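Following: one structure in structure tokens, then a few remarks.
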Amino acid sequence: MLRIAIQTKGRLNEQSMDLLHEIGIDVDAAKRKFLSQAANFPIEVLYLRDDDIPQVVANGTATLGIVGLNEVAESGCDVEVVKKLGFGGCRISLAIPKSEEYDGVEYFNGKRIATSYPNILRQFLEECGVKAQLEVISGSVEIAPAAGIADAIFDIVSSGGTLVTNGLKEVERVFESEAVLIANKNLSAEDKALLEELMFRIESERDSRDKKYLLMNIPTASLEEAVKILPAMRSPTVMPLAAEGWCSLHSVVDAADLWDKVRQLKAIGAEGILVLTLDKIIA
């Protein structure tokens, strides 16, 4: 049986639970405790602080984890990053008081920088040849300059609103992060097989998010040209209509290309075009 560690609460917890639900794994949130078992898949869910997740996956207490890539990098734990999940995006940036002039990373030489991510910051500064004093703070890093604890901060930025509120400005984007699925590097054969099944479900769910299903009526004379316009998983589906000289054409397209494809299809006579959202794609 797999055991997956996720954050106890917060947005990443909600998004992780949503993902499990979307791939058909039911965990009753109302009955959630420290450890819960899914009703319809051989997996247990372990609820932990996000900064504990890489360690428990590395030591085998949990076989899998969903956590921010920033926490994996900061921990230095030896785990496998199986997949980026496309949610929980943020960045870790250097910020200084907005009244300060900034002319490059050399600004930080001799400065005190408050952070909860000393390992990521230390590596960045070493690569840049900058020597600064790190002030490690576990929370409320953004108030450090105003409190006289530090000259600058290195912290998570989502919208930047917290920086503005505290009179700071972002000057260096250092680390881009998002939620990732991590795994212990010594999985048993049984756990590897279960992970493959889990990945199959996740890939099917992720693939469907960026696709649309197109149905249309098109003159038979334009069919060959329409097939050239439309990509498909293998080839478009073509069905004859009762009206002579017409057929129905079905295909899956990338959402980003939808309107360009529709424009091209209308130009060759397509009509009655329907655009449907996909639930899952099983390749």
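The values are calculated or read from the model by the stated rules, or taken from the named source; none is laboratory data. Here the structure is a predicted model, which means the values were calculated and not measured. As a convention, Cβ positions derive from the backbone with ideal geometry for all residues, glycine included, and neighbour counts pool all protein chains shown.
General remarks:
- Those residues of the stretch 55-76 which are within 19 Å of Met199 (Cα to Cα) and part of a helix (DSSP H, G or I), in sequence order: Val57, Leu69
- Scan of the stretch 234-256 for residues that are touching a strand residue (DSSP E or B) at 6+ places or on another chain (Cβ under 7 Å) and assigned to a helix (DSSP H, G or I), ordered by number: Ala255
- Single residue of the stretch 62-88 satisfying the filter (surrounded by 16 or more Cβ atoms within 10 Å (Cβ to Cβ) and either over 23 Å from Arg201 (Cβ atoms) or without any contact (Cβ under 8 Å) to a residue 40 or more places away in the chain (or both)) that is nearest to the chain's Cα centre (by Cα): Asn70
- Residue match in the stretch 121-131 (condition: aliphatic (A, V, I, L, M), under 16 Å from Glu71 (Cα atoms) and surrounded by fewer than 19 Cβ atoms within 10 Å (Cβ to Cβ)): no
- Residue match in the stretch 172-190 (condition: touching a residue at least 60 places away in the same chain (Cβ under 8 Å), within 29 Å of Ile43 (Cβ to Cβ), among the hydrophobic types (A, V, I, L, M, F, W, C) and surrounded by fewer than 19 Cβ atoms within 10 Å (Cβ to Cβ)): yes
- Test: Leu168 is over 16 Å from Ser116 (Cα atoms), outside the structural domain of Pro118 (by TED's automatic domain parsing) and in contact with a helix residue (DSSP H, G or I) (Cβ under 8 Å, 6 or more places away or on another chain): no
- Checking Ala39, Ala5 one by one, the residue that is hydrophobic (A, V, I, L, M, F, W, C) and either at pLDDT below 90 or assigned to a helix (DSSP H, G or I) (or both) is Ala39 and no other.
- Of the residues making up the stretch 214-233, those that are free of Cβ contacts under 8 Å to residues at least 40 places away in the same chain, in contact with a Ser or Thr (Cβ under 9 Å, 6 or more places away or on another chain) and either outside any helix (DSSP H, G or I) or among the basic types (Lys, Arg) (or both) are Leu230, Pro231, Ala232.
- Among the criteria (1) without any contact (Cβ under 8 Å) to a residue 60 or more places away in the chain; (2) outside the structural domain of Ser16 (by TED's automatic domain parsing); (3) acidic (Asp, Glu), the one Asp155 does not fulfil is (1).
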